[in-house]
Amino acid sequence: MPEIQIGLKGQEEMVVERKDLASVMGNIGAEVLSTHRVVLLMELAARNAIKESLPEGKMTVGTFIRIQHFAATPLGSKVRAEASLKEIDGRKLVFEVAAYDEFGKIAEGENEQLIVSIDNFLARIQKKTLG
C-alpha cells in the first residue's frame, strides 16, 4: 500500500441530473448545478486521492471546506472535480480542490479531511442513536 504523501491526486466525475440542480433544493428557477453538489464532488475527489493509501480500518471524514463557486453549469453537463493533497498535519489532510465543466473552471477552494478509525466512528454514532 502506498504511503499518504503530499502531491497525491484524485478526481471524481458526474453528469448533472435533475436531482443535482439548485432549483430542487429550493432555489426556484436556478436550473443549474447546486453548490452543495459541487462540494460533495470535491470531497469525493479528495477521498479518491488517498483511498489506496489509507491503512486498514481507517477512513476520512470531511471537517472543513472553503470554496468559491463562480460559474453556473446546466443540466446534462459533464463535471469533473480534482483534488491534490497539499498538507498533512497528523491525522488532518488538506486538499486543494477545483471543479470544471465542459466550458472551464466552475469552482475552487480547499477541503480538510480527518483520518479516523472506522470502528471508533461507528461506535460514536451508535452511542448517539441508542440514547
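Derivation of every value follows stated rules applied to the coordinates shown; laboratory data play no part. Quantities reported herein were computed from a predicted structural model and do not represent experimental measurements. Heads up, the Cβs are rebuilt from the backbone with ideal geometry, glycines too, and the neighbour counts pull from every protein chain shown.
Please go through the stretch 21-40 and give me each residue that is touching a residue at least 24 places away in the same chain (Cβ under 8 Å) and among the charged types (D, E, K, R), ordered by number.
31
Would you please name the residue that is nearest to residue 12 (Cα to Cα), looking only at residues in the stretch 68-95 that are touching a Ser or Thr at 6+ places or on another chain (Cβ under 8 Å) and buried (at least 17 other Cβ atoms within 10 Å of the Cβ)? Step through it out loud before you land on a result.
Narrowing the stretch 68-95 to residues touching a Ser or Thr at 6+ places or on another chain (Cβ under 8 Å): 69, 79, 92-93, 95.
Checking which are buried (at least 17 other Cβ atoms within 10 Å of the Cβ) leaves us with 69, 79, 93, 95.
Numbers: 69: 17, 79: 8, 93: 18, 95: 14 Å.
Among residues in the stretch 68-95 that are touching a Ser or Thr at 6+ places or on another chain (Cβ under 8 Å) and buried (at least 17 other Cβ atoms within 10 Å of the Cβ), the one nearest to residue 12 (Cα to Cα) is 79.
Working only within the stretch 45-98, note down all residues that are farther than 30 Å from residue 29 by Cβ and hydroxyl-bearing (Ser, Thr, Tyr).
Hits for the stretch 45-98 are 53, 60, 63, 84.
Being touching a residue at least 60 places away in the same chain (Cβ under 8 Å) and assigned to a loop (DSSP other than H, G, I, E, B) is true for just one of 109, 7. Which residue is that? It would help to see each step written out before you state the result.
Details: 109 fails: assigned to a loop (DSSP other than H, G, I, E, B).
Answer to the selection: 7.
The conditions are (1) farther than 30 Å from residue 18 by Cβ; (2) surrounded by 15 or more Cβ atoms within 10 Å (Cβ to Cβ), and residue 118 fails exactly one of them. Which is it?
(2)
Looking only at the stretch 14-53, how many residues end up being hydrophobic (A, V, I, L, M, F, W, C) and more than 23 Å from residue 109 (Cα to Cα)? If you could, list the steps in order and put the result at the bottom.
Taking the stretch 14-53 as the starting set, the residues that turn out to be hydrophobic (A, V, I, L, M, F, W, C) are 14-16, 21-22, 24-25, 28, 30, 32-33, 38-42, 44-46, 49-50.
Filter once more, so that each one left must be more than 23 Å from residue 109 (Cα to Cα): 24, 28.
Residues meeting the conditions: 2.
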